[in-house]
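The values are calculated or read from the model by the stated rules, or taken from the named source; none is laboratory data. Keep in mind that what you see is a predicted model, and the values were worked out from it rather than measured. Positions of Cβ are generated from backbone atoms using ideal geometry, with glycine treated the same way; all protein chains shown enter the neighbour counts. Calculation scope for accessible area: heavy atoms of the full protein, side chains included, ligands and nucleic acids excluded. Shrake-Rupley method; radii C 1.70, N 1.55, O 1.52, S 1.80 Å.
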Amino acid sequence: MNEIYTAVKRFFSYRFSLHEDNAEESDTIESIRRNVEFRGANLWTLIFAIFIASIGLNLNSTAVIIGAMLVSPLMGPIMGIGLGIGINDYELVKKGVRNLAIATVISVLTSTLYFYVTPLHDASSELLSRTSPSIWDVFIAALGGLAGIIAATRKEKSNVIPGVAIATALMPPLCTAGYGIASGNLYFFAGAMYLYFINSVFICVATYLIVRYLNFHKKEFEDKAYQKKVRRYILIIVLITAAPSVFLAYRIVNKSIFENNARAFVEQEVNYKDTQVISKLYNYSTKGNKIDLLLLGAELDKLQIDSLKKKLPAYKLNNTELIIRQGLNAKNELDISQIKASIMEAMYQGDTTKQKSQHYNALNRPIPKLDKELKSLYPGLQAFTINNVELRNLDSNRTDTVTMALINTSAVIGLADQNRLRLWLKNRIKADSLILVVQK
C-alpha cells in the first residue's frame, strides 16, 4: 500500500510541480514590478489599444477586439498588486493600485471620447455581452490569473500571458463603460465596470495564491495585528465581489430557460393560416414574465387568445403574462428596432432562385430622402425608418414585398392623421403597399 502511495505521489510531484523550471524569485519580482507603472510607452500603448477595442466593439468585430487585448498592458498593475500582497510589499500594492486607477480612468475617458464622436451608435452584441457579468466571469478571471502568474514565474516565457489577456478580457468592459457614459446609459456603465472589477480582483487573488504556493519571501512587519487586518480586508473584498456574481448567474440561467420555453410556445402554438407574428419580445422578471407579440393579418378573437393563455403552463410558463397586440395603430408600444430586427430576420429564409429574382427589384427600390418633408408636415416627428421588406406566409409559402414605415413621435397622432400620413407616404414613395407603425 505504501509503495502505491509513494508511486502516485511521485507521479503527481513529477507532472504537476511548479518548482523545477521556476525562475529566480528576484527576477520574477523585478519583471512584474517593471510592468506596474503606466507612463510613456505603456500609457500610449494602452490608449491605442483602447481605441482599437472600441472600434472592434462598435463594428461588432471579434478579431479586432482580440487584437486590442493582445497589446493591452493592463495585466501589469493587477499582478503587481497580487504580488505585493503575497510578499507583504505594501509599497508595491499602493503603486499598483495607483497605476491601475490611472489606467482605468484614462481608458474610460478614451473610449468615451471615441463613442461620443463615432457616427455608429448602435449597441452591438459584443458590447452588450460586457454589461451583464456572472459567476462564470469569476471563474474565468481566477483561472486566467492562475495561468498568468504561473507563466510569469517561469524561466522561459511562453505565449500564456497574451492568452490570459484575451481570456480575462480586461479591455472590452472599459470600452463598454465608455460607451455607457457617451450614450447616457448608466446600466451599461455599471455592468461593465463591475465586470472589470471582477476580473481585476480575481486576477489579483490568483497571483497572491501562486506567490504564496511558491513560498516567495515575505517582508516582515513588526505590527502583526495590522498584517492580519489587511488580509481580512482582502477576503471581505473577494466575498463581496463573488456574491452578486452568483446571483447574476442564477438569473441568467432562469432567463435562458424562460426564453427557450417562450420561443417553443410561440413557434408551436401561435401558428395561424392568416395571421403572422412579426415581432416578439420575451421579458424575464422576478415579479412576473411577459411574452409580448405583435400580430399581422386576421385578428384573433377572445376565445383564441384565452385558449393560448391556457396552454402556457404546458410550456412551464405559469407565471407569465401573454400580451397580444393586433392592428398596427398608435397604441403599439413595441420598440421600433425590435420590429425591424424581426422583419429582417424573416427575409430570405427558404427563398428559391425564382422568388429572389421576382422580388429583387421591389426589395431594392430606392427610398427618397424625406427628412425635411416629414419634419415640416409633422413637427413632433423624432425619428423614422422606411424599408422595403419581404414577408413570407409560412402556411402558403407565399412571399409579399411591402414597404414598412416606422415613425417615432413626441406626441400622439390621431387615426385620421395616420391614414393621411400613410397615403401620403405611399404616393410619395410610389409603393404598391405600405404599412405604417407609429410609436410615441
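At 1.4 Å probe size, what's the solvent-accessible area of Lys95? Round to the nearest 10 Å².
60
Would you kindly state how much longer the chain becomes between Ala190 and Arg232 on full extension, computed as 0.36 nm times their sequence separation minus their alpha carbon distance, in nm to one decimal?
Numbers: separation 42, 0.36 × 42 = 15.12 nm, distance 2.63 nm.
Value of the extension gain: 12.5 nm.
From the C-alpha gyration tensor of the range 10-111, pull out the three semi-axes of the equivalent ellipsoid (sqrt of 5λ each), sorted largest to smallest, in whole Å.
Values: eigenvalues 186, 82, 21 Å².
Equivalent ellipsoid of the range 10-111: 31, 20, 10 Å, largest first.
How high is the relative contact order of the range 37-196, in percent, with contacts defined as C-alpha pairs under 8 Å that are six or more residues apart?
Working: 230 pairs, mean separation 46.3, N = 160.
The normalised contact order for the range 37-196 reaches 29 percent.
How much accessible surface does Glu24 have with a 1.4 Å probe, in Å² rounded to 10?
120
Pull out the extension gain between Asn408 and Tyr90, defined as 0.36 nm times the separation in residues minus the alpha carbon to alpha carbon distance; nm, one decimal. Mind showing how you got there, number by number?
Working: separation 318, 0.36 × 318 = 114.48 nm, distance 5.67 nm.
Separation in residues times 0.36 nm, less the Cα-Cα distance, equals 108.8 nm.
Quick one: length gained pulling Ala225 to Leu209 fully straight, 0.36 nm per residue minus the C-alpha distance? Walk me through the intermediate numbers first.
Values: separation 16, 0.36 × 16 = 5.76 nm, distance 2.10 nm.
Taking Ala225 through Leu209 to full extension adds about 3.7 nm, to one decimal.
Put a dot 7 Å past each Cα toward the Cβ at Gln304 and Arg10; how far apart are the dots in nm?
Taking the simple label geometry, Arg10 and Gln304 are separated by 7.8 nm.
On a 27 Å Cα-Cα criterion, which of the cross-link pairs Lys280/Lys430; Lys287/Lys311; Lys9/Lys224 come out too long? Could you put the intermediate results ahead of the total?
Details: Lys280/Lys430 30 Å; Lys287/Lys311 21 Å; Lys9/Lys224 36 Å.
Flagged as over cut-off: Lys280/Lys430; Lys9/Lys224.
Set the Förster distance to 45 Å, then compute FRET efficiency between Ser26 and Asp122 from the Cβ-Cβ distance, nearest 0.05.
Efficiency at R0 = 45 Å is approximately 0.35.
Ignoring ligands, DNA and RNA, what percent of the 1.4 Å accessible area of the range 16-219 is carbon and sulfur?
Carbon plus sulfur share of accessible area: 66 percent.
If you take the Cα Rg of the range 370-438 and divide it by 2.2 N^0.38 Å, with N the number of residues, what do you get?
Working: Rg = 13.4 Å, N = 69, 2.2 N^0.38 = 11.0 Å.
Relative to the rule-of-thumb radius for its length, the range 370-438 sits at 1.22.
Given H placed 1.01 Å from N in the peptide plane, which residues other than close sequence neighbours of Arg154 have an amide H under 5 Å from its amide H?
Ala23
Express the accessible area of the range 16-219 per residue in Å², computed with a 1.4 Å probe while the remaining protein chains stay in the model. Could the numbers behind the result be given before it?
Values: 9080 Å² over 204 residues.
Computed with neighbouring chains in place, this is 45 Å² per residue.
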